[in-house]
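Chemist: Here it is: the structure, laid out below.
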Amino acid sequence: MQPLMYGTAPLTARLEPWMEQLLGDAQACREVIREHGSPVNLHEFSSMSRNIGELRRAAADHQVDFQIYLARKANKTIGAIDQAVAEGCGVDVASFHELDQCLKRGVPAERLIVTAAVKSQALLRLAVENEVVLSLDNIDEALELLHMADERGRTARVALRLASDNPLIAPTRFGLRAAQWLEFLEATGRLESLEIRGVHFHLNGYSGTQRAAVLEESLRLIDALRDLGHAPDFVDMGGGIPMSYLDDAQQWNGFWEALAVLPEGDESLTWKSDRLGATAAEASTAVYPYHQELIRGQWLDRILASHPGQGSDSVARMLGQRGIQLRCEPGRTLLDGCGMTLAQVAFVKTRSDGLPLVGLHMNRTQCRSTSADFLVDPLLIHTATPRRERSGLSAFLVGAYCIEEELILRRRFEFPHGVAAGDLVAFPNTGGYLMHIIESGSHQLPLARNLCRDPEGWMLDAGDERSMEWQVLA
Ligand SMILES: *Cc1c(COP(=O)(O)O)cnc(C)c1O
């Protein structure tokens with residue numbers, strides 16, 4: 001059957017069974033929106049278990065000691081933390097409140113790592129008092145932490161955040177080069193109050209080759225730290241583990257080919273003929289690669305089997321010889337399949353020049369990452385009893401902010417059987433970043449509620465319960 005809605009250049013989402021089941025139940029969709037308002041973020045975390053399993057199997061195949069820490073910033077629900085911990089994973093936290101929430105939720109200290117880019121005194125104190133490992137970013141942070149630990153007679157547990165000096169890797173604002181860390185440690189000498197537990201890095205992008213190279217660099221730093229009398233026992237390779245939102249490589253490549261030859265000013269595919277970075281290769285910085293060949297387990301397998309150093313050992317062997325645990329902090333890829341956003345159609349109209357528009361009870365910060373667009377087709381559910389007849393159209397989705405450029409998505413969509421106020425639009429697979437990373441409460445519009453699936457139905461996430469007082473539905 002032809003879908004009720006698809007991109008003019010289609011990018012068909014891969015759906016999980018729970019999404020298909022809900023999308024097939026118009027009554028259930030209507031009820032969720034009636035009770036919780038539009039948009040609403042729906043979570044079902046069973047896919048996380050599959051995602052974790054794929055990574056663990058790859059590590060086990062190489063006999064690599066391995067642990068996963070869910071990057072909390074990718075999704076703000078407590079449900080995500082609970083699921084990760086139930087699966088035996090830890091959590092990577094990036095602020096005082098993320099750490100505080102995890103501790104209060106009962107996540108044990110050894111299952112936590114603090115990777116915040118800038119760390120408040122309160123965050124340093126909370127980590128030290130609870131013996132949580134901090135990823136150290138710079139010397140000022142290290143000095144502040146040591147002062148705090150000394151004052152309290154405590155030991156600070158840290159991982160050194162490594163900024164690679166490999167010329168093939170883009171310069172980074174995060175961490176320090178190995179030589180800078182070693183110089184600092186040689187100057188301060190061994191300290192009672194400092195325990196170096198590991199080495200940490202996180203790279204932009206999704207390159208397995210780059211990660212293999214920085215793993216090798218990290219192991220050289222581990223060796224140097226051991227020579228200085230420290231006893232680090234893990235390397236944490238951060239996140240950026242790839243996933244795929246789209247199954248069809250041809251659709252993905254076809255979309256970029258079509259966009260490349262679009263005449264200037266032609267809005268048949270994108271708003272104001274937006275090139276979104278022009279070609280798939282150039283777009284790699286502008287948008288997420290929504291289709292990727294190598295993901296999760298296979299991607300990790302390649303890294304572990306690769307030989308990045310001068311010697312002939314694989315990454316897996318280099319780790320094993322040193323008794324080093326490999327850790328990672330995936331956000332997006334663990335949340336693959338765990339979320340969907342549902343929004344209600346407010347109106348169907350035309351721009352002043354006649355271009356069709358479909359307005360949603362939603363704003364563009366509610367389905368957007370730092371990427372220029374979410375390149376996955378939403379699905380339409382005819383839930384309304386329309387006041388006006390539906391007729392086929394080709395339109396853009398616009399949102400609630402009072403800005404001309406307030407597009408929910410920048411691509412154009414076909415509605416072969418029309419769309420009416422009161423219908424629902426579902427954005428699939430929004431659990432990683434899309435719902436939360438840039439959402440704003442501008443215009444005093446309420447933030448979307450977060451619901452988690454449990455045997456009794458859709459329940460408000462524990463993290464939302466507190467904020468209900470001010471979250472009065474508009
Ligand atoms: C954002 C971030 C992650 C998660 O990245 P993903 O692309 O979601 O896997 C992990 N570690 C650090 C330090 C980060 O900043």
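Rule-based calculations on the coordinates, nothing more; no lab input. The structure presented is a predicted model; accordingly, all values stated were derived computationally and were not measured. In this analysis, Cβ positions are derived from the backbone assuming ideal geometry, glycine residues included, and neighbour counts consider all displayed protein chains.
Chemist: Quick check: residue separation of SER391 and ASP233 times 0.36 nm, minus the Cα distance between them. What number comes out in nm?
Modeler: Stretched fully, the SER391-ASP233 segment lengthens by 50.5 nm.
Chemist: Between helix 296-305 and the chain, what is the angle of the helix's C-alpha long axis to the longest principal axis, kept within 0 to 90° and rounded to the nearest 10?
Modeler: Helix 296-305 sits roughly 30 degrees off the main axis of the chain.
Chemist: Need one number: nm distance between label points at THR370 and ALA170, each 7 Å from Cα along Cα→Cβ, rounded to one decimal.
Modeler: 0.9 nm
Chemist: Okay, next question. Using θ = phi - 60° and the Karplus form 6.51 cos²θ - 1.76 cosθ + 1.60, what ³J(HN,Hα) does each residue of region 259-264 get, whole Hz, x for Gly and Pro?
Modeler: Taking θ as phi minus 60°, the curve returns 5, 5, 9, 5, x, 4 Hz for region 259-264.
Chemist: Could you tally up the Lys pairs in the chain with alpha carbons closer than 22 Å? Skip any pair fewer than 8 positions apart unless they're on separate chains.
Modeler: So the count works out to 6.
Chemist: Now for a different question. Pull up the DSSP beta bridges for the chain and report the antiparallel fraction as a percent, rounded to 5.
Modeler: For the chain, the DSSP antiparallel bridge percentage is about 45.
Chemist: Can you grab the distance from the C-alpha centre of region 400-456 to the C-alpha centre of region 1-57, Å, no decimals?
Modeler: Cα centroid to Cα centroid, the span is 13 Å.
Chemist: Exposed loop sites here are trypsin sites (Lys or Arg not before Pro) in DSSP loop states with at most 13 other C-beta atoms within 10 Å. What is the longest stretch of the chain lacking them?
Modeler: Formally, the longest exposed-site-free interval is 1-172.
Chemist: May I pose another question? Using a Förster distance of 30 angstrom, determine the FRET efficiency expected from the C-beta separation of ILE438 and THR188, and round it to 0.05.
Modeler: In this case the efficiency is close to 0.15.
Chemist: Right, something else. Run the numbers for ARG154 and THR350: contour at 0.36 nm per residue of separation, minus the present Cα-Cα distance, in nm.
Modeler: Answer, rounded to one decimal: 64.1 nm.
Chemist: Nearest 500 deg cm²/dmol is fine: what mean residue ellipticity at 222 nm does the chain get from its DSSP H runs of n ≥ 4 alone, each adding -39,500 (n - 2.57), divided by its residue count?
Modeler: Roughly -9000 deg cm²/dmol at 222 nm, from the helical runs in the chain.
Chemist: If I model a spin label as a point 7 Å beyond the Cα along the Cα-Cβ vector, how far apart are those points for GLU131 and LEU294 in nm?
Modeler: Inter-label distance under the simple model: 3.9 nm.
Chemist: Okay, moving on. Residue separation times 0.36 nm, minus the C-alpha to C-alpha distance between HIS307 and ASP65: what's the value?
Modeler: Here the segment from HIS307 to ASP65 would lengthen by 85.3 nm.
Chemist: Rank these for me by crowding, CYS338, CYS29, CYS402, going from fewest to most other beta carbons within 10 Å.
Modeler: Least crowded to most crowded, the residues run CYS402, CYS29, CYS338.
Chemist: Once you list every other residue whose beta carbon is under 13 Å from the beta carbon of ALA122, what net charge do they have if Lys and Arg are +1 and Asp and Glu are -1?
Modeler: -2
Chemist: Another question, then. In the neighborhood of LEU407, defined by Cβ-to-Cβ distances under 12 Å, what is the net charge if each Lys or Arg adds +1 and each Asp or Glu adds -1?
Modeler: Charge balance near LEU407 sits at +1.
Chemist: Hey, what angle do you get for helix 139-152 against the long axis of the chain, alpha-carbon based, 0 to 90 degrees rounded to 10?
Modeler: 70 degrees
Chemist: Right, next: Tally Lys and Arg at +1 and Asp and Glu at -1 over the other residues with C-beta under 14 Å from the C-beta of ARG211: what net charge comes out?
Modeler: -2
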